[in-house]
Amino acid sequence: MTDETDVDYSKRASWRRLTAFGLTFIVLTAVGLYVVYDLFAERSFSFDSDLLSPKILAAVAGLLFVYFLSDGLRLYFTLRALGHRMPMGTMFRLVFLNLFFSNVTPMATGGGFAQIWYLHHHGVPVGRATAATTIRTVLAVFFIFSLTPVFLVTLDALDSGTLIGDISIALVIFVLIYLSFFTVLLIRSHWLIRPLSFFLEKLHHFHLLGDARHRRWQFKARREMLRFSYSFRDYLGGRPLYISLSILFTAIFLLSLFSFPALLIHGLGYDVDYLISLGLLVVTTFIMYFAPTPGASGISEGVFGSFFRDILSGNHLILVIVSWRLLTIYLGMLIGLVVLQRELVRNRRISG
C-alpha cells in the first residue's frame, strides 16, 4: 500500500511540475509578445487573411508534413544504425512527446528524458536510447553551430554593432562548452563515471538516497555509461546507409524548420530573400538553445522580433511570430499532450 501511495504522490507531483512549467511557458510567451509589440511592432497588429488562402494553406500543410516526418526519421535511422528497429507509429508518437516535454521544461531538459523513458519502455536499453537521442541532438547541433558563424559574418541584417559583438562572444563561449561536453560524452564517456559516482555518493551522504538505492544507482550509472560509450562506437560502425540517412533527415528537418518564416512572409506579399530569412532563423535557433525558459518562451519571440523588424511592417510582425510558433511548437505540443494522455491511459490499463 505504501508503494502505491508513493507512486500516486510522485505522479501528482510530476503533473504539478508540468502544470507549473506549462503556465510559465504561457506567461513568458505573452511577455515576449508584448515586448515585441511595444518595442518593434509600433504597437500595431492586424490579422491578414492572405495567410488563409488555399495556396498558402496547402504549402504550410506540405511543409508541416516534411517537418514532422523528417523529425521522426532522423531518430529512426539513428536507431537503425545502432541495430534497433522501432515501428513507425511508435517513432512518430515519440516526436510529439518530445515536442511537448522539451517545451514545458527549462532548456528542453525534459524532452531527452521523455524520449529515453519511452524508448526504454518499448524495449531499447537505456544506454542505447541515451546514445540515440544524444547522437540525434549532436547532428542537429553540428549543423546549427556550423552555420551560425557563417550567417553572423555574412548577413547585413545582423551587422548592428553591439548586437553582433554580444552574439559573437556568446557564440565562442557556448560553442566551446557544447562541443567540449559532447566530445567527452561521445568519445570519452567513461570519464564521466567518476563525477557521476561522486554525485551519487553525496546524495547518499546527505541521506537523499538509501543504502539499497545508492548501490543500485551506482551500478546502473556505470553500466549505462559504458553501454552508451559502446553504442556510439556501434553507431559509427553501423551500416553506412543508415548513418547517411540519419544525417540527411537531420538536414531536411532543420531546413523545413527554418523555412516556415519565409513561407509565411511570402504569403503576406513580401518579396523576402529566402537566404536572409533562413540565416536569421538559424541564429535565432542558436540563441534559443541556451534560453533557460521552457521552450525558449519569451526569448524566442523577442529575438525573432528584433531580427525581423526591418523585414516586416509592424502590423505583421506579431502575426508572423505567433504563426511561426504555432506551426513549429504549439501544434506539436498540443498533439504531444494528447499522445501523453493516451499513453498514460494505455499503461494504466496494462498495469491494471
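Nonpolar atom fraction for the chain, defined as the carbon and sulfur part of the 1.4 Å probe accessible area, stands at 67 percent. The label point for Asp234 and the one for Phe113, both projected 7 Å from the Cα toward the Cβ, are 2.5 nm apart.
Helix 314-325 sits at what angle to the longest principal axis of the chain, using alpha carbons and giving 0 to 90 degrees rounded to 10? The helix 314-325 is inclined about 20 degrees to the chain.
Per 0.36 nm of contour for each residue apart, how much would the distance between Ala212 and Phe199 grow if the chain were fully extended, relative to their Cα-Cα spacing? Each step should come with its number before you reach the end.
Working: separation 13, 0.36 × 13 = 4.68 nm, distance 1.62 nm.
Between Ala212 and Phe199, full extension yields an extra 3.1 nm.
Beyond 25 Å, the tail of the calculated P(r) for the chain holds 59 percent of the Cα pairs.
If I take R0 = 51 Å and measure r between the Cβ atoms of Val126 and Phe47 in this structure, what FRET efficiency does the formula 1/(1 + (r/R0)^6) give, to the nearest 0.05? Kindly include the intermediate steps, with their values, before the conclusion.
Numbers: r = 47 Å, r/R0 = 0.92.
The formula returns an efficiency of 0.60 here.
Residues Ile243, Ile299 ordered from highest to lowest accessible area at a 1.4 Å probe: Ile299, Ile243. Comparing Leu119, Leu312, Leu155 in a Gaussian network model of the chain where C-alpha atoms under 10 Å apart are linked, the largest mean-square fluctuation is found at Leu155. Can you work out the FRET efficiency for the pair Phe219 and Ala61, with r the C-beta to C-beta distance and R0 = 41 Å, to the nearest 0.05? That gives a FRET efficiency of 0.25.
Rolling a 1.4 Å probe over the protein chains gives Val126 an accessible area of about 50 Å².
Heavy-atom accessible area for Phe25, with the other protein chains in place and a 1.4 Å probe, reaches approximately 20 Å².
Of the whole protein surface, Ser197 contributes about 20 Å² of accessible area at a 1.4 Å probe radius. Residues Phe21, Phe286 ordered from highest to lowest accessible area at a 1.4 Å probe: Phe21, Phe286. Helix 2-39 and the longest principal axis of the C-alpha atoms of the chain enclose an angle of approximately 20°. When all protein chains stay in place and ligands, DNA and RNA are ignored, the 1.4 Å accessible-area order of His204, His214, His121, largest first, is His121, His204, His214.
Please work out how much length the chain gains when fully extended from Val31 to Val150, using 0.36 nm per residue of separation minus the C-alpha to C-alpha distance, in nm with one decimal. Don't skip to the answer; put the middle values down first.
Values: separation 119, 0.36 × 119 = 42.84 nm, distance 3.09 nm.
Difference between extended and current length: 39.7 nm.
Which angle between 0 and 90 degrees, to the nearest 10, do you get for helix 88-104 versus the longest principal axis of the chain when only C-alpha atoms count? Compared with the principal axis, the helix lies near 70 degrees.
The values are calculated or read from the model by the stated rules, or taken from the named source; none is laboratory data. In this text the structure is predicted, and so the values were computed from the model without any measurement. Positions of Cβ are generated from backbone atoms using ideal geometry, with glycine treated the same way; all protein chains shown enter the neighbour counts. Side chains are part of the model used for accessible areas, which takes the heavy atoms of the whole protein and leaves out ligands, DNA and RNA. Shrake-Rupley method; radii C 1.70, N 1.55, O 1.52, S 1.80 Å.
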